[in-house]
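Q: If you scroll down you'll find the structure; I have some questions about it.
The values are calculated or read from the model by the stated rules, or taken from the named source; none is laboratory data. Because the structure is a prediction, the values reported are computed rather than measured. Quick reminder, even Gly has a Cβ in these numbers, built from the backbone with ideal geometry, and neighbours come from all protein chains shown. Remember, those area values only see protein heavy atoms, side chains included, never the ligands or the DNA or RNA. Shrake-Rupley method; radii C 1.70, N 1.55, O 1.52, S 1.80 Å.
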Amino acid sequence: MNKASGMFKSLGTFLRDCRAEFGKISWPGRKELVESTWAVAAMILLLSVFVLVCDQVVTGVIRFLTSLRG
């Protein structure tokens, strides 16, 4: 068996294994999916506000410190 045919045999085995694993997946229902999406969106919004506040505080401190030099 040459290298190419061995590679295709391995690829075939891999794809069969992937198909078998996809059959084991438990997909969420519509309600659960919508609730999870809202939860993720809310967390992203909260994290964005937190980063914005931290950025503004650090910017203010740096401006204050640099104004003391002059």
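Q: With charges set only on the Cβ (+1 for Lys and Arg, -1 for Asp and Glu), what does the dipole of the chain come to about its Cα centre, in debye to the nearest 20? Could you put the intermediate results ahead of the total?
A: Values: 9 positive and 5 negative charges, 65 e Å.
The dipole of the chain has a size of about 320 debye.
Q: Please calculate how many Å² of accessible area the chain carries per residue, with a 1.4 Å probe and no DNA, RNA or ligand atoms counted. Could the numbers behind the result be given before it?
A: Working: 6860 Å² over 70 residues.
Accessible surface, normalised per residue, equals 98 Å².
Q: How much length is gained on full extension from Arg69 to Gln56, taking 0.36 nm per residue of separation minus their Cα-Cα distance? Display every interim value, and only then the final one.
A: Working: separation 13, 0.36 × 13 = 4.68 nm, distance 2.07 nm.
Stretched out fully, the Arg69 to Gln56 stretch lengthens by 2.6 nm.
Q: Using alpha carbons only, how many degrees (0 to 90, rounded to 10) separate the axis of helix 30-69 from the longest principal axis of the chain?
A: So the inclination is approximately 40 degrees.
Q: Let me ask something additional. With a 1.4 Å probe and every protein chain kept in, tell me what percent of the accessible surface of the chain is carbon plus sulfur.
A: Carbon-and-sulfur percentage of accessible area, whole number: 70.
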